1. Being small (Gly, Ala, Ser), surrounded by 11 or more Cβ atoms within 10 Å (Cβ to Cβ) and part of a strand (DSSP E or B) is the filter; apply it to the stretch 238-282 and report the residue that is modelled with the lowest pLDDT.
2. I'd like to verify a number: residues in the stretch 55-91 that are β-branched (Val, Ile, Thr), assigned to a loop (DSSP other than H, G, I, E, B) and farther than 11 Å from residue 20 by Cα, how many?
3. Hey, among 94, 41, which residue is buried (at least 19 other Cβ atoms within 10 Å of the Cβ) and not in a helix (DSSP H, G or I)?
4. For residue 216, all conditions in the list (1) assigned to a loop (DSSP other than H, G, I, E, B); (2) of a type outside the set (Val, Ile, Thr); (3) more than 18 Å from residue 312 (Cβ to Cβ); (4) out of contact with any Lys or Arg (no Cβ under 7 Å at 6 or more places or on another chain) hold save one; what is the number of the exception?
5. Within the group 177, 172, 114, which residue is in the same structural domain as residue 42 (by TED's automatic domain parsing), of a type in the set (D, E, K, R) and either surrounded by 21 or more Cβ atoms within 10 Å (Cβ to Cβ) or not in a loop (DSSP other than H, G, I, E, B) (or both)?
6. Given the options 113, 142, 194, name the one that is over 21 Å from residue 313 (Cα atoms) and touching a residue at least 12 places away in the same chain (Cβ under 8 Å).
7. I'd like the full set of residues that are modelled with pLDDT under 95 and either surrounded by fewer than 18 Cβ atoms within 10 Å (Cβ to Cβ) or of a type in the set (Phe, Trp, Tyr) (or both), limited to the stretch 137-163.
8. Taking only pairs six or more apart or across chains, which ones have beta-carbon atoms under 7 Å, a first residue in the stretch 222-249 that is on the phi > 0 side of the Ramachandran plot, and a second residue that is surrounded by fewer than 18 Cβ atoms within 10 Å (Cβ to Cβ) and in a strand (DSSP E or B)?
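The values are calculated or read from the model by the stated rules, or taken from the named source; none is laboratory data. In this text, all values refer to a predicted model and were calculated from it rather than measured experimentally. FYI the Cβ positions are ideal-geometry reconstructions off the backbone, even for glycines, and counts take in every protein chain you see.
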Amino acid sequence: MTPPNASPPSPSTPVRVGVIGVGHLGRHHVRLLATTPGAALVAAVDRDRARAEAAAGPAGCEVLTDASGLIGRVDAVVVAVPTVDHLSVARPFLERGVHVLVEKPMARSLDEADELVAIAARSGARLAVGHTERFNPAVRAAQSALSAPRFIEVHRLSGFPERSLDIDVVFDVMIHDLDVILSIDRSEVVSVEAVGIPVLTPHVDIANARLRFASGCVANITASRISRDKVRKVRFFQPDLYVSIDYGAQEVEAWRLRHRDGDRPAIEGGAVPVEKAEPLAVELADFVGAIRAGRDATVTGQAGRAALALATRVAEAMEVGTTGATGTSGTTGSRNLS
């Protein structure tokens, strides 16, 4: 039986939401949920009370140091704690039919991701995963033109961070691009080749992966957290079309080859109009809107699981590559990120 919380609220009733974990990203969830239409922010939760107070103060919500204080008081929660704790924190809410948006990567292993999906299915709760690039206005502006890309080139480079150093760069940042690519080419990934190098941490800090899809598309993805310059770009090539997306600037260029009778083909295109917005704000509005409408969120638990599975294949290919092999086509459900 579906618990009451899993049913859509009435149009006049706001979705009561709590944010669990208000570190680097969680504090932005608090900030944005305070003004998200259709949402009522109940509390900011963090074991560090001072950090919770700093996030909750401007938003005008309650401060809690124990997530159990939200049970029975919220319709939904955002889980932005370290990945290793995603399952244990989300479980009691999903079991009660409370809708959950869990940050990426959704779990530390495929087994744990499967458990999250299964619990949500049993209770009727909506499970969403925080892949914010899917909500980047530049990505959304370009997607309608992308029907059959044959080559995809991605560069996601940034300076050394002060967070997420317990996982490697594939699960930290490359996974965003894996999710975007999977949303565009939905065919099977038939081969994965990858190389990764730990430079400043015990985990891989720079990685490159080459993916081949059953459709014939090939994606070449580079992710680094030790670069001097910040670059977040993806380029798509398909017959008669080239699309370039700058994630950070939220800019899109599209160029087409137009065939002309009796004359040489002409290249036409340029900048594509993009209505800029904060991707995280769009993601939260989608999550709240999905709850109110009784529909799935744009990035479901299954989609988050698919991105994690592909990231796992990339990580395994890197490990195999160190022994001289060239790739892998399998996944390991029990492999932990840490």
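1. Narrowing the stretch 238-282 to residues small (Gly, Ala, Ser): 244, 248-249, 254, 262, 266, 269-271, 277, 281.
Checking which are surrounded by 11 or more Cβ atoms within 10 Å (Cβ to Cβ) leaves us with 244, 248-249, 254, 269, 277, 281.
So of that shortlist, the ones also part of a strand (DSSP E or B) come out as 244, 254, 269.
Values: 244: 98, 254: 96, 269: 91.
Ranking the qualifying residues of the stretch 238-282, first place goes to 269.
2. First pass over the stretch 55-91, keeping only residues β-branched (Val, Ile, Thr): 63, 65, 71, 74, 77-79, 81, 83-84, 89.
Checking the rest, the ones that are also assigned to a loop (DSSP other than H, G, I, E, B) come to 65, 71, 74, 81.
Imposing the further condition that a residue be farther than 11 Å from residue 20 by Cα reduces the set to 71, 74.
Total meeting the criteria: 2.
3. Values: 94 fails: not in a helix (DSSP H, G or I).
Testing whether each residue is buried (at least 19 other Cβ atoms within 10 Å of the Cβ) and not in a helix (DSSP H, G or I) leaves just 41.
4. (4)
5. 114
6. Details: 113 fails: over 21 Å from residue 313 (Cα atoms); 194 fails: over 21 Å from residue 313 (Cα atoms).
Criteria check complete, one pass: 142.
7. 143, 144, 145, 147, 148, 159, 160, 161, 162, 163
8. Pairs found: 240/256; 240/257.
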